[in-house]
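Just so it is clear, none of the values below were taken in a lab; they were calculated from the coordinates. Model, not experiment: these values are computed from the prediction.
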Amino acid sequence: MSDRLPAQEHVLEDGASIRMRPLVPEDARELERGFDQLSPQTRYRRFLHAFDHLKPAHLEYLSHIDGKRHLAWAAADNATDGGIAIARSIQEKDSADTSEYAITVVDAWQGRGVGKLITHALHKDAWANGVRFWRATMFADNIAVQAILLTCCDEVSRHTEEGGAIEILYRLRPPAE
């Protein structure tokens, strides 16, 4: 577990209470349960292709982070202790200051402010680890994630990928104290 930033507790505008913390390998089972809560559309939008389960190798990759090059934050519902979101930053092989950004919020929690909160926690962790740019690949109509990223980053460039996806490069702003 990352010791750079502590776990965080938040109360959403709708009164729901959540906690966020760096992901640990023991979260693998919860990642599987969270994936099972995603609708086929959400899975497709997050991974840019359809599949109905996480393969063991993929689960291993997603849950075993190093806290430096591969950062990930998890959010859970305090009422049920169930996982509700993951945001991650994975350093690109050829650039020490650029990482891939990705986020997944389970369907029942989308549009409630979780994405922005977990992105800001990840942003602080990434900045502390020398990340200055995030590259995000998503469908062009994913306005929600683009809006979240603009709360802590500035868009540098974008280009169209195959199948309606876009790749956007964002410059991280220094986190607010």
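At-a-glance table
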read-out	value
Nonlocal amide H pairs with Ile166, under 5 Å, H built at 1.01 Å	Met138, Phe139, Ala140, Glu161
CD proxy at 222 nm, helix term only [per DSSP H run n ≥ 4: -39500 (n - 2.57); per residue of the chain; nearest 500]	-7500 deg cm²/dmol
Contour excess over end-to-end distance, with Cα ends at Arg19 and Lys55 and 0.36 nm allotted per residue	10.3 nm
Under Karplus coefficients 6.51, -1.76 and 1.60, residue-wise ³J(HN,Hα) of the stretch 64-74 in Hz, glycine/proline x	9, 9, 9, x, 9, 7, 10, 10, 8, 10, 10
Segment Ala108-His159, length gained on full extension (0.36 nm per residue, minus Cα span)	15.3 nm
Residue-wise HN-Hα coupling along the stretch 153-168, computed from phi with Karplus coefficients 6.51, -1.76, 1.60 (Hz; x: Gly, Pro)	9, 10, 6, 9, 7, 8, 8, 7, 9, 5, x, x, 8, 10, 10, 10
